[in-house]
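The values are calculated or read from the model by the stated rules, or taken from the named source; none is laboratory data. What you see is a predicted model; the values in this text were computed from it and never measured. Positions of Cβ are backbone-derived with ideal geometry, glycine not excepted, and every protein chain shown enters the neighbour counts. To get the accessible areas, we keep the full protein, side chains included, count just its heavy atoms, and leave off ligands, DNA and RNA. Shrake-Rupley method; radii C 1.70, N 1.55, O 1.52, S 1.80 Å.
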Amino acid sequence: TMLSSRSYLHARVCLHGLAARSSSSKASHAGRCCRGRYYHSAPSHESRHGEVRPLHAVRNDGPPLWYSTPESKTDLRSLYPDEGTAKHDESDGLIHVDYNCIIGDDGETLQEGLFRLLHSVFRDGAAIVSTTPFSYQHRSEGSTSNNNNYNNTIKDAPQLIRALETMSEDDLPVSKVAKAMSGGSLSHGSLYGKTFHVRVGERDGNNIAYTSAPLAPHMDMAYYESPPGMQLLHCVSMGRAVVGGESTLIDGMAAAHRLRELRPESFETLARCPATFVKQRDGAGMTYRRPHVGLSKEGVGSSETTTTTTTTTATGDREIHAVYWSPPFEGPVCLPPEKVDRYYEAYADFECLLNGGDNGGVDGDLCRYAREYTWERKLRPGDMLVFNNQRMLHGRRGFSTPEGASFEDAQRHLVGCYTNMDDTLNSYRVLLREKGAASTSILNVGNGTNIVP
């Protein structure tokens, strides 16, 4: 969500330079596919799939052992017999958990609803908390929540905004859910605060997220040694006049696995060559170098089923435990000269796979991936999108409002926060242990999550 304008322009310069770095066909492809992506617009796909399915990028002979699916043993349906706490939404493919099944009337955490939320996010990469209070919906459309503590006392959007801005952190619904997930604490608040508002003009527009511009898929805060684990975004207002503004997700781990199948040399390059992630502005000076694809240590998390393409490289079929992708926050590449061209070619391959677009017929198998597997949904007031920031790359479509639209009808307003991955995993493991399932493997998260009984 947080993309600085300064780094945004740096990315544009870097990506414009791709075509000039090599005379190879892939470098030419890089210029076509990447040029201006983060400056002008994120891709706009005609074919839009409203579903997140964990089987985005598995082999024909089945998923790797480190990758969970709804049909796998990690489904654990016997552990939550009360189906009333959550439901699968056919319109968007995600599990929806009612806010009031997670947070009780007196503010206590309800364990069954919390377990359903944590299990869904760790298995699928994302989930939605529905009927969240402090959400404005036009009077003619009715209330967004059956929680009467707040919604019936907020008569209009300005009153709602004043209430949110003066409310303590502990009282914000997004903070309550996040603290329930993480055992009581929020994380990564030094740059934007423990909770933050995403709307046009926020903080004088010093971040591209505070504009109406489109955001291509990215990870937040890749310049931290330990980036946020979970991100929560509560839609408090989505005006009837807002055109566009859909939220997007793409499974970075699945996409990286697909790159390993289609372009094993590019996958190995991105798993070996460190990128430089930076955050430079007034009050911030952060730098961290790491490869774009994080792999388990040798011999850890490897699949028992392999194919010729995946075993031809030194990275083998090792578990993918994270994808670090945030082009607007990338600094100079520090690589030996002989590796630079190969790095940018691999970079262009992955960018094309994540963003799609019309590339004149070059590498169509890569560019089709984003069109087929990008989840897209216009959040409704009361929706809270919860996703794994180390797995799911998020973005949004650009949006606009017609001239003369009322304040209520023109507002697109989200409130967000982060949790630490270790704290959130701890909450999930404790709940699994209490349910007698302590030996359950927790997949798609990272090293150390495949628990030894």
Restricting to region 429-447, name every residue that is at pLDDT 90 or above and in contact with a Phe, Trp or Tyr (Cβ under 6 Å, 6 or more places away or on another chain). 431
Which residues, counting only those in region 177-196, are open to solvent by 50 Å² or more (accessible area, probe 1.4 Å) and assigned to a helix (DSSP H, G or I)? none
Any hit, region 197-220, residues being charged (D, E, K, R), under 28 Å from residue 370 (Cα atoms) and either touching a residue at least 24 places away in the same chain (Cβ under 8 Å) or surrounded by 20 or more Cβ atoms within 10 Å (Cβ to Cβ) (or both): yes
Out of region 404-431, which residues are more than 30 Å from residue 240 (Cβ to Cβ), over 20 Å from the mean Cα position of the chain (by Cα) and touching a residue at least 40 places away in the same chain (Cβ under 8 Å)? 426, 427, 431
Regarding region 354-366, can at least one residue be identified that is touching a helix residue (DSSP H, G or I) at 6+ places or on another chain (Cβ under 8 Å), surrounded by fewer than 17 Cβ atoms within 10 Å (Cβ to Cβ), modelled with pLDDT under 85 and not in a loop (DSSP other than H, G, I, E, B)? yes
So for region 255-272 (the condition being assigned to a strand (DSSP E or B) and in contact with an Asp or Glu (Cβ under 9 Å, 6 or more places away or on another chain)), does at least one residue qualify? no
Taking region 247-277, which residues are over 19 Å from the mean Cα position of the chain (by Cα) and not charged (D, E, K, R)? 262, 264, 266, 267, 269, 270, 271, 273, 274, 275, 276
Quickly run through region 143-174 and pick out the residues that are touching a helix residue (DSSP H, G or I) at 6+ places or on another chain (Cβ under 8 Å), modelled with pLDDT of 50 or more and open to solvent by less than 80 Å² (accessible area, probe 1.4 Å). 154, 156, 157, 158, 169, 172, 173
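Can you say whether residue 240 is within 26 Å of residue 353 (Cα to Cα), touching a helix residue (DSSP H, G or I) at 6+ places or on another chain (Cβ under 7 Å) and open to solvent by 40 Å² or more (accessible area, probe 1.4 Å), as far as the supplied structure shows?
no
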Is it the case that some residue within region 402-415 is assigned to a helix (DSSP H, G or I), small (Gly, Ala, Ser) and closer than 25 Å to residue 160 by Cα? yes
Which one of 338, 403 is modelled with pLDDT of 90 or more, open to solvent by 30 Å² or more (accessible area, probe 1.4 Å) and acidic (Asp, Glu)? 338
Can you tell me how many residues in region 282-326 are in a strand (DSSP E or B), modelled with pLDDT under 90, more than 21 Å from residue 392 (Cβ to Cβ) and not hydrophobic (A, V, I, L, M, F, W, C)? 1
